[in-house]
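The values are calculated or read from the model by the stated rules, or taken from the named source; none is laboratory data. Note that this is a predicted model, so its numbers are computed, not measured. With ideal geometry, Cβ positions are generated from the backbone for all residues, glycine too; neighbour counts draw on all protein chains shown.
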Amino acid sequence: MIAVDGPSGVGKGTLCSRLARSLGWHLLDSGAIYRALALKIIKDALVDADEDDWIQAATELDLHFEVDADRGTRIMLDGENVTARLRSEQCAKVASQVAPVAAVRTALLHRQQAFLKPPGLVADGRDMGTVVFKNAPLKLFLTASATIRAERRYKQLQSAGVDVKIRDLLKDIEARDQRDSGRAVAPLVPADDAIVIDTGDLSIDKVYELAMQLVHDNLSLVTSDASSTG
Ligand code: DC
């Protein structure tokens with residue numbers, strides 16, 4: 001399996017889906033699980049409720065990923081397709097508010113670990129290499145400055161016809177980085193054995209090539225280890 005961590009807007013999602021597609025492996029978008037919990041909390045008017053209510057919502061979350069080769073993955077919350085709604089800034093914001101609660105993270109742990117199935121898994125998140133899949137044989141940590149990530153997001157939104165100010169995007173990204181990295185539980189940090197890739201000056205194709213090279217180096221290590229033990 002491959003664990004890929006890093007801050008928002010660094011290109012993890014694109015990289016992970018390309019890796020999973022090329023390798024024919026499963027894909028875990030762990031951020032989508034936190035966003036789905038956030039949406040549930042918003043729908044049930046629990047944003048200002050006690051942490052206990054968030055923990056209960058996390059424990060009882062009725063969430064399914066329906067994988068369809070043609071139409072992509074549909075994320076079903078309480079039986080409803082919420083895939084598009086999860087991308088909203090509101091879901092991202094509430095997700096990063098509930099994510100620091102240790103018991104919320106524990107409640108979502110097994111749900112994430114259940115994605116590890118043959119033939120393999122590419123896991124995208126903040127704590128894949130440090131907590132959820134500590135034993136992953138290959139861990140990547142992607143970085144890029146907040147300014148570069150804000151510029152990329154700005155271009156994406158502009159081409160989608162959404163009018164935003166780059167200054168506001170940068171402020172949001174910096175605030176979220178601070179919440180994700182500064183929290184006491186499972187903060188956003190590279191695992192000791194992670195390979196750190198600064199994507200600032202790299203195209204997505206180049207990042208993909210680098211990652212694929214690392215996957216192949218790693219697979220050949222696993223194969224030669226296995227053959228040396230007979
Ligand atoms: O990757 P994303 O933007 O979809 O994640 C949304 C929020 O969820 C992010 O601000 C922090 C939280 N998150 C987390 O705490 N741990 C993860 N493994 C993935 C996401």
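All but one of (1) among the small types (Gly, Ala, Ser); (2) farther than 30 Å from residue 216 by Cα; (3) at pLDDT 95 or above hold for residue 92; state the number of the condition that does not hold.
(3)
Which residue pairs have Cβ atoms under 7 Å apart, sit 6 or more places apart or on different chains, and have a first residue in segment 98-112 that is more than 17 Å from residue 40 (Cα to Cα) and a second that is of a type in the set (S, T, N, Q) and modelled with pLDDT of 95 or more?
Final answer for the pair search is 112/30.
Output yes when any residue across segment 20-29 is within 26 Å of residue 187 (Cβ to Cβ) and either in a loop (DSSP other than H, G, I, E, B) or free of Cβ contacts under 8 Å to residues at least 40 places away in the same chain (or both), and no when none is.
no
Which of (1) within 16 Å of the ligand (Cβ to nearest atom); (2) not in a loop (DSSP other than H, G, I, E, B) is the odd one out, the single condition residue 53 does not satisfy?
Residue 53 satisfies all of (1) within 16 Å of the ligand (Cβ to nearest atom); (2) not in a loop (DSSP other than H, G, I, E, B) except (1).
Give the number of residues within segment 72-87 that are within 11 Å of the ligand (Cβ to nearest atom) and either at pLDDT below 95 or exposed (fewer than 14 other Cβ atoms within 10 Å of the Cβ) (or both).
Going through segment 72-87, the residues within 11 Å of the ligand (Cβ to nearest atom) turn out to be 86-87.
From what is left, the residues that are either at pLDDT below 95 or exposed (fewer than 14 other Cβ atoms within 10 Å of the Cβ) (or both) are 87.
Within segment 72-87, residues that are within 11 Å of the ligand (Cβ to nearest atom) and either at pLDDT below 95 or exposed (fewer than 14 other Cβ atoms within 10 Å of the Cβ) (or both) number 1.
List every residue pair whose Cβ atoms sit under 8 Å apart, with the two residues 6 or more apart in sequence or on different chains, where the first one lies in segment 188-212 and is within 16 Å of the ligand (Cβ to nearest atom) and the second, anywhere, is of a type in the set (Asp, Glu).
From segment 188-212, the pairs are 188/5; 188/127; 188/177; 188/180; 190/5; 191/5; 194/5.
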